[in-house]
Amino acid sequence: AVPRTRILATGGASHNKKILQVLSDVFNAPVYTIDTTNSACLGSAYRAIHGLVAETNVSLADVVKSAPEPRLAVTPTAGAEELYRPLLKRYAELEQKVIYNPTSSC
């Protein structure tokens, strides 16, 4: 089974519960935040460490074991998936159209 998606929100918008709720509803996934200053920079630092130890076959999961634990901020609103699923499908179709034929009109 594929694990369910979860979103980790960082930066200024991660303090706005209404924005987080929209993310959660659109992607039908819980949204987590980290109470760490410059959390995006922290993520970049973990990726850099992972790159440095890549030859040792250390996984990114092992590298980030010491990271602050994310806190659940919001969960999807019941019924939102039925509204957003067709819209996400249409968005993906339009995106593919632009990628493979950028001069066509959508």
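The values are calculated or read from the model by the stated rules, or taken from the named source; none is laboratory data. Treat the numbers as computed from the prediction; the structure is a model and nothing was measured. Using ideal geometry, Cβ is built from the backbone for each residue, glycine included, and neighbour counts are taken over all protein chains shown. Note: accessible area is taken over every heavy atom of the protein model, side chains too, but ligands, DNA and RNA are not part of it. Shrake-Rupley method; radii C 1.70, N 1.55, O 1.52, S 1.80 Å.
Here's the yes/no breakdown for (1) over 23 Å from the mean Cα position of the chain (by Cα); (2) at positive phi; (3) open to solvent by less than 80 Å² (accessible area, probe 1.4 Å):
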position: Thr56; (1), (2), (3): yes, no, no
position: Ala61; (1), (2), (3): no, no, yes
position: Ala67; (1), (2), (3): no, no, yes
position: Pro70; (1), (2), (3): no, no, yes
position: Thr75; (1), (2), (3): no, no, yes
position: Ala78; (1), (2), (3): no, no, no
position: Glu82; (1), (2), (3): no, no, no
position: Glu95; (1), (2), (3): no, no, no
Is it true that Val26 is touching a residue at least 24 places away in the same chain (Cβ under 8 Å), of a type in the set (A, V, I, L, M, F, W, C) and in contact with a strand residue (DSSP E or B) (Cβ under 8 Å, 6 or more places away or on another chain)? no
Qualifying residues in segment 20-53 (those that are of a type in the set (Gly, Ala, Ser) and at pLDDT 85 or above) - the one farthest from Thr77 (Cα to Cα): Gly51
